[in-house]
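Where a number appears in this text, it was derived from the coordinates with a stated rule and is not lab data. Small disclaimer: the values here were computed from a predicted structure and weren't measured. As a convention, Cβ positions derive from the backbone with ideal geometry for all residues, glycine included, and neighbour counts pool all protein chains shown.
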Amino acid sequence: MTLSRLNNRENSVMIPGSSESVDAGNGVTGAGAGETTGRYVVVFADEDGEAAHVAALRASGLANVASSNDFDAQALDVTQTQDADGVFFSELGVAVVTAEPSQLSSLQSSDRGGILAVEPELVFHVLSQPRGRDYMLGYRDGVTDLCERLAPSGGVDAAAAGTTSFQDTAQFTWGLQATAVSTSSRSGRGVKLAVLDTGFDLNHPDFVGRSITAQSFIPGETPQDGHGHGTHCIGTSCGPKTPVGTRRYGIAYDADIFVGKVLNNQGSGTDTNILAGINWAVANRCQVLSMSLGADVRQVSQRYERVGRRALAAGSLIIAAAGNNAHRSVGDPGFVGIPANSQSIMAVAAVDEQLAVANFSARSNPVRGGQIDVAGPGVRVYSSWLMPQRYNRISGTSMATPHASGVAALLCEATGNVAGQLWSTLTQQAQRLPLPSVDVGAGLVQAPQ
Amino acid sequence: MADITVTVSDDHLASIDEVAEVLRDNGMHVGQVHAALGVISGSVPDDRRQSLEAVDGVEAVEEENTFQLPPPSSPIQ
């Protein structure tokens, strides 16, 4: 394998193939507090070995513990472990145990074997929407559109009118109104904004004439977006001031766009891809890096913590999605995952048109740095999409994140602040919301006027 | 063999290439050296991983994460 140096500004390198692993993070969501299995999950620190972990379990009275190391290729046979007190997954540093109350309290108070957490085992479901929801949303959008045609609101700020409910108008998306982008005099001129995602539809007519630097960090794929996610995020953060035939949906319409493709056309990427993209954006002196990606891992990753810190030292602010692993309607607030749970990386939550926390928007994670920093519009967000569809309306903390990064670009232009100072400016100027800070941090990002 | 990311400590950032050389001597297949960030990507046989953690200037050796978006048709992204 060859060595590639990535320290020069213009250097960019294709990444040698890296093994893809099956994702167990996004796509599943934890169920409510009531939906537990009765078993408990014990999470161990990485530093100690398996022997210490198993010893800690046995010290708490769980004598019969099976280990995934006992099976070929760690393909644990569940039927062979049914009678065990617990099963230890050595690669994960996690055990699932059946414990009596006395054993449970012994585990929770144990200082042996590096036990980080003892948590009820949750029942997991594949993420899906209730049947008929799409139809109802479509119906509602149709009614909203009809109202707008018959009695245009002309971009009146709903909050200023005494209600807290925004909606798309003929002129602006609801998100641009809620963040005061619609009245801002700033354009992001002179600011380099990198979106590390699935690439960009370089043929999109709304971006003709823009300054775009595109680089793929996915072996065998060009920067051209084959998914749509990246094109949607770039649309929100950097879309045009006056798109022809539709409302304005983009924020920093004069920023220099840096497209770093770190997720492939199937929406998958690894640390290798992502770190290469961050390195490229930092080396190119991008002031703002927007990362609408995450893995549902609670523990802070040292690499992203350090990388975020070093990016700040180089003048680059990394803004990341909090994650969509909440299911609040059934009592599960979720948690901020990697990389947004790093202290040196901003975490963005999603709010809806009533400025309520989105059902899927993850809550602050108790690890140091795992807090939500700010919120952005992230429900029914209208933005650019792959041609020929051209536009799409979707939800997610992935959509809230480019609202924050676009506003960061406007604030960077207006104040000259970068890195930690820009972070402070974003939070200082955010509109406080009457919601727990663990859900929305300092509040809704606000553009300079 | 595991794909890994090595985080280099602050006091060895300037000599990251030397750290990479020592990692290679200790059995790591070095893929990329990200000098701007102080991280090195690559892979290592399972039985050599511990020796990497002992290399001077190495702050952390962590296994690679995979990040996965929902399919384009998903209403929540």
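The long axis of helix B:16-25 is offset from the longest Cα principal axis of chain B by roughly 80 degrees. For region A:379-394, backbone phi angles converted through the Karplus equation (6.51, -1.76, 1.60; θ = phi - 60°) give residue-by-residue couplings of 10, 6, 8, 8, 7, 5, 8, 4, 6, x, 4, 6, 9, 8, 10, 9 Hz, Gly and Pro being listed as x.
Simple point charges give the picture: +1 on the Cβ of Lys and Arg, -1 on the Cβ of Asp and Glu, and for region A:266-410 a dipole about the Cα centre of about 260 debye.
Note on region A:326-449: Kirkwood hydrodynamic radius from all Cα pairs is 14.7 Å, rounded to one decimal. Per q in 0.15 1/Å, what log10 I(q)/I(0) does a Debye calculation on the alpha-carbon atoms of region A:389-449 return? Cα-only, vacuum Debye calculation for region A:389-449: -0.51.
Shape annotation for chain B: C-alpha extents along the principal axes are 48, 28, 17 Å, from largest to smallest. Near A:ILE372, once Lys and Arg are set to +1 and Asp and Glu to -1 for all other residues with Cβ below 13 Å from its Cβ, the sum equals -1. Would you kindly calculate the translational diffusion coefficient of region A:157-278, applying Stokes-Einstein with the Kirkwood radius from alpha carbon pairs, for 20 °C and a viscosity of 1.002 mPa s, and quote it in µm² s⁻¹ without decimals? D, rounded to a whole number, is 141 µm²/s. With θ taken as phi - 60° and the Karplus curve 6.51 cos²θ - 1.76 cosθ + 1.60 applied, the whole-hertz 3J(HN,Hα) list for region A:327-333 is 9, 5, 5, 10, x, 9, x Hz, x standing for glycine and proline.
Taking amide H atoms as placed 1.01 Å from N in the peptide plane, the amide H of A:SER216 lies under 5 Å from those of A:LYS261, each 5 or more residues away in sequence or on another chain. For a test of the definition: using alpha carbon positions, the gyration tensor, and the 1.5 limit on a/c, classify region A:241-397 as rounded, prolate or oblate. The shape class here is oblate.
Rounded to the nearest whole Hz, the Karplus-based 3J(HN,Hα) values (6.51 cos²θ - 1.76 cosθ + 1.60, θ = phi - 60°) of region A:403-419 follow the sequence 5, 5, 6, x, 5, 4, 5, 5, 5, 4, 4, 6, 10, x, 6, 9, 6, with x at glycine and proline.
Once you have a ≥ b ≥ c as the square roots of the Cα gyration tensor eigenvalues for region A:325-385, tell me rounded if a/c is under 1.5, and otherwise prolate or oblate according to whether a/b is larger than b/c. Because a/c hits 1.5 or more and a/b fails to exceed b/c, region A:325-385 counts as oblate.
Here the label points at B:SER9 and A:SER110, each 7 Å from Cα along the C-beta direction, are separated by 3.1 nm in the simple model. Averaged over the residues of peptide A:299-309, the number of Cβ atoms from other protein chains lying within 10 Å of each residue's Cβ is 5.
Remark on A:SER268: its backbone amide H falls under 5 Å from those of B:LEU69, a criterion applied only to residues 5 or more positions apart or on other chains, H modelled at 1.01 Å from N.
For B:GLU18, neighbours were defined as the other residues whose beta-carbon sits under 12 Å from its Cβ, and their charges (Lys and Arg +1, Asp and Glu -1) total -3. Note on A:271-279: average number of Cβ atoms from other chains within 10 Å of each residue's Cβ is 6.
Annotation: amide H-H contacts under 5 Å for B:ASN65 (H modelled 1.01 Å from N, sequence separation of 5 or more, or interchain): A:ASP271.
Neighbouring Cβ atoms from other chains, within 10 Å of the Cβ of residues in B:4-13, number 3 on average.
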